[in-house]
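The values are calculated or read from the model by the stated rules, or taken from the named source; none is laboratory data. Just so it is clear, the model here is predicted, and its values are computed rather than measured. We place every Cβ from the backbone using ideal geometry, glycine too, and count neighbours over all the protein chains shown. Side chains are part of the model used for accessible areas, which takes the heavy atoms of the whole protein and leaves out ligands, DNA and RNA. Shrake-Rupley method; radii C 1.70, N 1.55, O 1.52, S 1.80 Å.
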Amino acid sequence: MALLFTSLRRIIAGGVILMALPSAARADDLAVVGTGDGIEMLQAVAAAYNAESGDARVSVPPSIGSGGAVAAVGGERQRLGRVARPLTEAEKAQGLVEVPLARIPSAIFVHQGVGVTNLTSAQTAAIFAGTVDNWSALGGPDLKIRVVRREDTDSTLTVLRATMPGWRDLVLTSRSKTATTTQDAIATVRETPGAIGFGPYSPALAGDLAVLTIDGRAPRDPTYPSAVTLALIYKAATRDAAASAFLAFATSDRAGQVMAERGGAPLRP
């Protein structure tokens, strides 16, 4: 009997200790879910907000795509999302609202070993169409070109089709690898000799990859044609004080400075 009481006391004491421990995440923490475009940029904005604010802690988790953000926020499972494409009229009719943050150039990048730094828009289109398949034809080494593409609904591909000469009706080569996220595309090109891919521009790309100039224009050149617009989305029904506070910060001059330092061109709502 004494042993039973001792065991009960230990269980009760353990329960009290467990009840006293704080949970891993506070109820008012705010995750901003969605696109991989500009993810490092928005993570830096969230870090600045967390450092300067005593309100809800904001996180920017790995990509689930713009469509994932629309589904999560539209379904009222999340309060804020991030997208790299405009909302459709049908999505707006569901009560979704977009807040533009920054213009992010669409970069075309290659493995460091390729040795090519500039292509014409025609050469770029020929590579992704598969009609040019060796870097030696473009002044590089005798090395097979490995094309890394994105799914047809990807925001960067959509912008390239709309703005890059020769891309509107371009049929991408079947001899390519389809990356499912921006991070996957970057990692694949970085790790694959001869590889070329595309995604949102970030100065951090230059550390692992060679970012190409196209027709002599670098992604940060004001005349560079291709860019996506990073925006936050919310639904009025679930926009609470925490979401409103981060929206206000994300559109402030302080956040604009953070985004500009990381290759974005801040926009004002």
Inset, instruction - Hey, could you check the stretch 220-233 for residues that are in contact with a Lys or Arg (Cβ under 7 Å, 6 or more places away or on another chain) and either in a helix (DSSP H, G or I) or open to solvent by 30 Å² or more (accessible area, probe 1.4 Å) (or both) and say which is farthest from Ile39 (Cα to Cα)? - result: Thr223
Legend entry - Residue under evaluation Gly95, criteria (1) within 24 Å of the chain's Cα centre (by Cα); (2) closer than 24 Å to Gly36 by Cβ, criterion not met: (2)
Inset, instruction - Tell me which residues, restricted to the stretch 32-56, are touching a strand residue (DSSP E or B) at 6+ places or on another chain (Cβ under 7 Å) and either small (Gly, Ala, Ser) or open to solvent by 20 Å² or more (accessible area, probe 1.4 Å) (or both). - result: Gly34, Gly38, Ala46, Asn50, Ala56
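Restricting to the stretch 57-69, give me the number of residues that are within 19 Å of the chain's Cα centre (by Cα) and either among the charged types (D, E, K, R) or buried (at least 23 other Cβ atoms within 10 Å of the Cβ) (or both).
Number of matching residues: 4.
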Inset, instruction - Find the residue count for the stretch 252-269, including only residues that are crowded, with 19+ Cβ neighbours inside 10 Å and part of a loop (DSSP other than H, G, I, E, B). - result: 3
Legend entry - Failed criterion for Val33 (all others in (1) of a type in the set (Val, Ile, Thr); (2) out of contact with any Gly (no Cβ under 7 Å at 6 or more places or on another chain); (3) modelled with pLDDT of 90 or more hold): (2)
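Let's see how each residue does on (1) open to solvent by 50 Å² or more (accessible area, probe 1.4 Å); (2) modelled with pLDDT of 95 or more; (3) of a type outside the set (A, V, I, L, M); (4) over 21 Å from Ile39 (Cα atoms):
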site: Ala72; (1), (2), (3), (4): no, yes, no, no
site: Gly81; (1), (2), (3), (4): no, yes, yes, no
site: Pro100; (1), (2), (3), (4): no, yes, yes, no
site: Ala137; (1), (2), (3), (4): yes, yes, no, yes
site: Val148; (1), (2), (3), (4): no, yes, no, no
site: Asp154; (1), (2), (3), (4): no, no, yes, no
site: Met164; (1), (2), (3), (4): no, no, no, yes
site: Leu170; (1), (2), (3), (4): no, yes, no, yes
site: Thr173; (1), (2), (3), (4): no, yes, yes, yes
Inset, instruction - Would you please name the residue that is nearest to Arg161 (Cα to Cα), looking only at residues in the stretch 199-213 that are in contact (Cβ under 8 Å) with a residue 12 or more places away in the chain and of a type in the set (Gly, Ala, Ser)? - result: Gly199
Legend entry - Filter pass, Gly207 being surrounded by 15 or more Cβ atoms within 10 Å (Cβ to Cβ) and within 18 Å of the chain's Cα centre (by Cα): no
Inset, instruction - State whether one or more residues within the stretch 236-251 are under 23 Å from Arg85 (Cα atoms), of a type in the set (S, T, N, Q) and either in a helix (DSSP H, G or I) or open to solvent by 50 Å² or more (accessible area, probe 1.4 Å) (or both). - result: yes
Inset, instruction - Quick one: which residue in Thr173, Thr229 is farther than 30 Å from Val99 by Cα and among the polar types (S, T, N, Q)? - result: Thr173
Inset, instruction - Enumerate the helices (runs of 4 or more DSSP H) found wholly within the stretch 54-157, keeping only those where 1 or more residues are over 30 Å from Ala248 (Cβ atoms). - result: 121-129
